[in-house]
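The next block holds one structure in the form of structure tokens; read it before the comments.
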Amino acid sequence: MPIKITVILKAHPSKVDELRSLLDTLVAPSRAEPGNLRFDIWQDQTNPCRFVLDELYTDDAAVAAHRATPHVQAYLSQINDVADRTSIVLNPIAIG
């Protein structure tokens, strides 16, 4: 069963560029993971301090493998210094 993760990030004051740089380090290695189906970064049009990660994985094992990678561990060690973070893990109901 696929797993979707949506992460909403709000950069701390004067940390937008730092957050963007940190997020950029996740893109290529996350997309290269065997169980990754999607890893996209979005920026709010009306609030440039707000970013959304849109992630999709083949299953729970792929999510666990993603979370254990060095690039995610590095991100997690730094994210609280640059942004407030809300992560939502979703199971499919009706997807196409």
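Miscellaneous remarks
- Residues in the stretch 16-45 that are more than 23 Å from Asp60 (Cα to Cα) and touching a Pro at 6+ places or on another chain (Cβ under 9 Å): Val16 alone.
- Number of residues in the stretch 1-45 that are open to solvent by 70 Å² or more (accessible area, probe 1.4 Å), under 17 Å from Gln78 (Cβ atoms) and under 12 Å from the mean Cα position of the chain (by Cα) equals 3.
- Positions within the stretch 50-70 being open to solvent by 70 Å² or more (accessible area, probe 1.4 Å) and under 26 Å from Ser14 (Cα atoms), in sequence order: Arg50
- Every pair of residues 6+ apart whose Cβ atoms lie under 6 Å, when the first sits in the stretch 48-65 and is over 8 Å from Gly35 (Cα atoms) while the second is among the β-branched types (Val, Ile, Thr) and open to solvent by 60 Å² or more (accessible area, probe 1.4 Å): Val52/Ile8
The values are calculated or read from the model by the stated rules, or taken from the named source; none is laboratory data. Note that this is a predicted model, so its numbers are computed, not measured. Counting neighbours? That spans all protein chains shown, and the Cβs are built from the backbone with ideal geometry, glycine included. Heads up: the accessible areas ignore ligands, DNA and RNA and are worked out on the full protein's heavy atoms, side chains in. Shrake-Rupley method; radii C 1.70, N 1.55, O 1.52, S 1.80 Å.
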